[in-house]
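Report on the following structure.
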């Protein structure tokens, strides 16, 4: 009997051991699981990976994406960035009476009037491998220097062939040793509201920017507004167009240019989804005339239209116009003009021009202006209920009407020859002592648009608030301005000159600040 309690005691020890072992194993297992999920924070455990799984978008969306890519590949190489400079004259107060400047340096403050260089940017398209480019007239109008950057990174100087203010279209040209990529032109009249389009250009200077949208409206006209709105029927789009897009292409899904982006309607100068492009049938006509004749001629009827008032149903009934629409001729602007010679009179209502229905003033204005002078057209009009046919031999729109006084010249401008454009003089002894130099050539003034200005040089008579002193040129010290003159005289055309300079900045706090730099230019 004594062995039986001993066996029960051993059995209880075994059970307790097994329970402890189970709990210990369970704890180790849970701890391991937690450590793997929570404690493992090594660098390799939290890295992201790029997935290479096949596209999950629908075939239709994928096809549209591919179509956009194809269009950009076709058009992109022929889209250019245009940078212009214009010399602007202005008047300003002289800084010589500024009490904050040190006494000695007041004499070097600028005097009024002054000139400065104003820069702007835009876009354009190469339409001929020979280097002819179409852009907006407002991009290059008044420019004294035009630089064109193409997609491969090359920069060209461009010359203006001609510009047309009414269409806001200009033609410029660059010279290239090899044929340049060019665009194909599409039919803007075939575009429908809702068609996809792509705009390419340099908004805010960001070259080769592509945006997409649809045609929001076609034949958009503005009976009143700036001159370039009078003879246009714009394509309207919601493709993003911003400053710098002007002159760039609006492209259909066939990779054809159907418009030249011209302006936007916005209250903030940024895209608001309402952009306008000059349609192909307008810019092609202007381009062809410029290349053929060096100017743009527009057809002329010699009539005054009822521009300020609508043609109401009551007026249609009064004048016997069954169609209910047309353009009322209030009088003849030229008693010996084309309309007068054809027999058209005041109070006639024109309802058709060269086979095209005329419903409103802009219809007739565009139809006449876009027809070549000398062409005979059939005009249908209603004279108090009676439909009459006239044959009108169109005249040429008079010069004072064809181009505003402040418009752009149709004559090809001679390419402006580059000039160094810098006037230098001796450094006054007192100034040399103040600056701690023994000599140099002080830059007195720099001509706007010159090579010196391009090189960043500034003169003491300029409005920069600082000026430069040339200390060395091509490694040779400049002790007096004559040293600089001699070096420039000895240089051959096409050779470079590298200049070491001191920039002098008069300061009310420190008296004068100075810094050193290097620049260069090529002798013309």
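Taken over the range 363-400, the residue count meeting the criterion of being within 30 Å of residue 317 (Cα to Cα) and in a helix (DSSP H, G or I) is 7. Within the range 268-298, count every residue that is touching a helix residue (DSSP H, G or I) at 6+ places or on another chain (Cβ under 8 Å), buried (at least 22 other Cβ atoms within 10 Å of the Cβ) and more than 16 Å from residue 233 (Cα to Cα). The number of residues fulfilling the criteria is 1.
In the range 458-524, which strands (runs of 3 or more DSSP E) lie fully inside it and hold 2 or more residues that are surrounded by 13 or more Cβ atoms within 10 Å (Cβ to Cβ), at positive phi and free of Cβ contacts under 8 Å to residues at least 40 places away in the same chain?
So the answer is none; nothing clears 2.
Among the strands (runs of 3 or more DSSP E) confined to the range 32-140, there are none with at least 3 residues that are modelled with pLDDT of 95 or more and either over 30 Å from residue 179 (Cα atoms) or in the same structural domain as residue 506 (by TED's automatic domain parsing) (or both). In a residue-by-residue description of the range 301-312, the property of being surrounded by 14 or more Cβ atoms within 10 Å (Cβ to Cβ) and closer than 17 Å to residue 163 by Cα applies to no position. Taking the range 335-361 as the range and being in contact with a helix residue (DSSP H, G or I) (Cβ under 8 Å, 6 or more places away or on another chain) and within 25 Å of residue 222 (Cβ to Cβ) as the test, the residues that pass are 349, 350, 353, 354, 356, 357, 358. Residues that are touching a strand residue (DSSP E or B) at 6+ places or on another chain (Cβ under 8 Å) and within 22 Å of residue 145 (Cβ to Cβ) do occur in the range 484-492, at least one of them. Confirm whether residue 187 is in contact with a helix residue (DSSP H, G or I) (Cβ under 8 Å, 6 or more places away or on another chain) and at negative phi. Yes, satisfied. For the range 160-172, residues that are over 17 Å from the mean Cα position of the chain (by Cα) and surrounded by fewer than 24 Cβ atoms within 10 Å (Cβ to Cβ) total 1. Of all residues in the range 356-397, exactly one satisfies the criterion of being surrounded by fewer than 12 Cβ atoms within 10 Å (Cβ to Cβ) and either closer than 18 Å to residue 330 by Cβ or at pLDDT below 85 (or both), namely 384.
Would you list the helices (runs of 4 or more DSSP H) that sit entirely within the range 263-342 and hold 2 or more residues that are farther than 30 Å from residue 395 by Cβ, outside the structural domain of residue 127 (by TED's automatic domain parsing) and at pLDDT below 95?
Ranges flagged: 313-319.
The residues of the range 419-443 that are surrounded by 17 or more Cβ atoms within 10 Å (Cβ to Cβ) and closer than 27 Å to residue 85 by Cα, listed by number, are 420, 421, 422, 424, 442, 443.
The values are calculated or read from the model by the stated rules, or taken from the named source; none is laboratory data. Since we're looking at a predicted model, the values are computed, not measured. Virtual Cβ from ideal backbone geometry, glycine too; neighbours counted across all protein chains shown.
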